[in-house]
Amino acid sequence: MTLPDFSTHGSLFLVLGAILLAGLIARRVPIMRVILSVASWALLAGLLVVVVNQRQRFDPMFGRFASKMKLDGQEVVGEEVRIAMSRDGHFWARVRIGEVERRMLIDSGATITALSEDLAREAGVEAREGLVPVMLKTANGTVRARTATVPELKFGTIVARRLPVVVSPAFGDINVLGMNFLSRLKSWRVEDDTLILVPNYPQPVANEA
């Protein structure tokens with residue numbers, strides 16, 4: 001039997017315990033019913049924020065919801081796209097390829113943009129074997145990949161057309177924007193835990209339905 005990780009979730013257990021105790025007291029003290037109600041709503045709001053912050057596991061279900069609620073840390077300021085650092089210490093962009101929207105990790109340490117097989121298939125990006133096998137070094141070792149070209153990738157004021165990518169089942173559900181994408185920008189920088197992307201040719205921002 002696996003025991004709960006109290007070191008990680010200890011605060012949550014304490015809050016739940018406190019609310020349970022307050023519920024017992026509320027039966028005798030009327031004012032505690034009001035306090036318990038407020039605390040319960042606060043807990044639910046906190047849990048919602050946690051779920052949204054971990055939404056990469058639930059994409060695309062929460063992607064559009066997070067965008068509407070401005071909880072994904074991505075915004076357009078003038079001609080720039082600004083992305084706040086997520087709690088995992090990385091920068092994630094909400095990207096559209098064709099009619100498909102996904103979150104992609106922006107990684108300056110990756111030479112080329114990488115798509116999962118699921119995203120490539122859903123976006124209609126056809127991967128092919130090259131004359132010479134493409135071998136990539138990843139954190140999990142060397143993997144074999146196929147090459148493809150994305151007709152158009154865009155988010156905010158940024159658009160990249162005919163962008164070379166690699167596709168492999170070894171990527172799992174992770175999609176990465178690499179240096180071959182970043183090098184197309186006019187500039188990019190990090191300020192106060194915010195990634196600022198400046199396009200060479202700013203695009204009009206489409207209104208999302």
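The values are calculated or read from the model by the stated rules, or taken from the named source; none is laboratory data. What you are looking at is a predicted structure, and each value in this text was computed from that prediction instead of being measured. So basically every Cβ, Gly included, is an ideal-geometry build from the backbone, and we count neighbours across all protein chains shown.
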Condition first: touching a residue at least 60 places away in the same chain (Cβ under 8 Å), closer than 12 Å to ALA148 by Cα and aliphatic (A, V, I, L, M). Now tell me which residues in the stretch 98-127 satisfy that.
ILE112, ALA114, LEU115
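Could you tell me which of the residues GLU99, GLU117, GLU152 is acidic (Asp, Glu) and in contact with a Lys or Arg (Cβ under 8 Å, 6 or more places away or on another chain)? Give the derivation first.
On the way: GLU99 fails: in contact with a Lys or Arg (Cβ under 8 Å, 6 or more places away or on another chain); GLU117 fails: in contact with a Lys or Arg (Cβ under 8 Å, 6 or more places away or on another chain).
Result of the check over GLU99, GLU117, GLU152: GLU152.
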Scanning for something in contact (Cβ under 8 Å) with a residue 24 or more places away in the chain, within 20 Å of the chain's Cα centre (by Cα) and farther than 19 Å from GLU80 by Cα, does the stretch 156-165 turn up at least one residue?
yes
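Please state which one of PRO60, PRO133 is farther than 22 Å from LEU195 by Cα, under 17 Å from the mean Cα position of the chain (by Cα) and at pLDDT below 90.
PRO60
So that you can scan it fast, the table gives a plain yes or no per residue for (1) assigned by TED's automatic domain parsing to the domain that holds ARG121; (2) not in a loop (DSSP other than H, G, I, E, B):
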position	(1), (2)
GLU152	yes, yes
ARG161	yes, yes
PRO164	yes, yes
ALA170	yes, yes
ASP173	yes, no
PHE181	yes, yes
LEU185	yes, no
VAL190	yes, yes
VAL205	no, no
